[in-house]
Amino acid sequence: MLLTPNAMSPGLRTGLYLTTALIALFLLLPILFIILLSFGSSQWLVFPPPGWTLKWYQQFLSNPGWMAAAMSSFKVAILRSCPRK
């Protein structure tokens, strides 16, 4: 039997919300951490970053091989998300 939010006790509801928030943080924090470190000036993942730069994104966007791979991935994503007739 499923409990709706109105059928739960306040303590159970609070525990459910807290558990959901902790799971979301557990899943999202590593991604956010890597994104933050991608702006670091060091060639390696170093925490805290010694400085901030967009150098890595500039190198990525100016490399034809990486851009071709990214474009291929983008095309596949678009084609797979379109409904078939």
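Computed quantities for the displayed model
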| quantity | calculated |
| --- | --- |
| Only one of LEU79, LEU32 that is surrounded by 10 or more Cβ atoms within 10 Å (Cβ to Cβ), free of Cβ contacts under 8 Å to residues at least 12 places away in the same chain and out of contact with any Cys (no Cβ under 9 Å at 6 or more places or on another chain) | LEU32 |
| Qualifying residues in the range 23-49 (those that are β-branched (Val, Ile, Thr) and closer than 30 Å to GLN59 by Cβ) - the one modelled with the highest pLDDT | ILE31 |
| Residue within the range 46-54 that is more than 28 Å from PHE33 (Cβ to Cβ) and without any contact (Cβ under 8 Å) to a residue 40 or more places away in the chain present | no |
| Residue that is modelled with pLDDT of 95 or more and of a type outside the set (A, V, I, L, M), where the choices are THR20, THR14 | THR20 |
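The values are calculated or read from the model by the stated rules, or taken from the named source; none is laboratory data. Worth saying up front: this structure is predicted, and the values here are computed from it rather than measured. Cβ: placed from backbone, ideal geometry, glycine included. Neighbour counts: every protein chain shown.
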